[in-house]
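Just so it is clear, none of the values below were taken in a lab; they were calculated from the coordinates. Being a predicted model, the structure only gives us computed values, none of them experimental. Here the Cβ positions follow ideal geometry from the backbone for every residue, glycine too, while neighbour counts run over all protein chains shown.
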Amino acid sequence: MTIQVSCPACGKTLQAKDSAAGKLAKCPDCGGIITIPEAVYDAIDESDEFGADFGTDSGTGFDADYAAAEQQSPTAAVGSQRRPCPKCGEMIVTTAAKCRFCGEIFDSRLKQQQSRATISDADSNLSGGEWAVAILCSSIGCICGIVWMIQGKPKGLKMFGVSLAVSFFCGVVNTILQIAIDANRF
């Protein structure tokens with residue numbers, strides 16, 4: 001299972017592993033930068049963590065362990081590469097970090113990244129109580145907004161902006177009312 005790619009600098013045809021798809025590599029002959037084209041996968045494969053392995057036209061780009069396993073038992077090597085997803089039951093690559101069918105994440109690092117992204121999305125919107133503080137207690141809302149901006153939370157700017165706008169609006173209304181009251185006294 002290899003991807004054939006031509007070097008744009010020297011034109012030499014090279015072979016790369018399927019796991020190298022989407023990565024950049026150097027041509028072994030001229031040193032030019034090659035982009036390995038994407039291949040279609042059944043699931044995300046996390047088995048290749050160290051980059052692309054290249055060979056030349058002669059086919060020396062194969063991983064020696066995989067080739068040895070395939071020579072011993074071709075059907076066992078192909079059959080053992082798939083397993084059913086525990087959530088949806090579809091057949092996926094054994095080393096898959098995420099099911100392409102249902103989206104279930106098996107890799108703990110990917111789950112942590114996903115949970116962080118979910119927390120940051122929830123942290124960008126103001127809740128009902130925070131809207132109430134921003135509108136009814138605008139000075140406290142401004143302080144909370146400034147603290148959240150210092151902490152790097154995206155909702156800090158929203159809280160500060162709403163509180164500042166409400167405070168400005170209340171000031172304008174108060175000034176207009178004071179002018180109207182003073183005009184009626186005289």
Calculated FRET efficiency for the pair Thr94/Asp29, C-beta based, R₀ 35 Å, to 0.05:
0.50
Taking amide H positions as placed 1.01 Å from N in the peptide plane, with prolines and chain starts having none, which residues 5 or more places from Ile92, or on another chain, fall under 5 Å of its amide H?
Arg83, Cys85
Once fully extended, how much extra length lies between Val173 and Leu126, figured as 0.36 nm per residue of separation less the alpha-carbon to alpha-carbon distance?
14.4 nm
If Ile36, Ile179 are placed from fewest to most neighbouring beta carbons inside 10 Å, the sequence is Ile179, Ile36
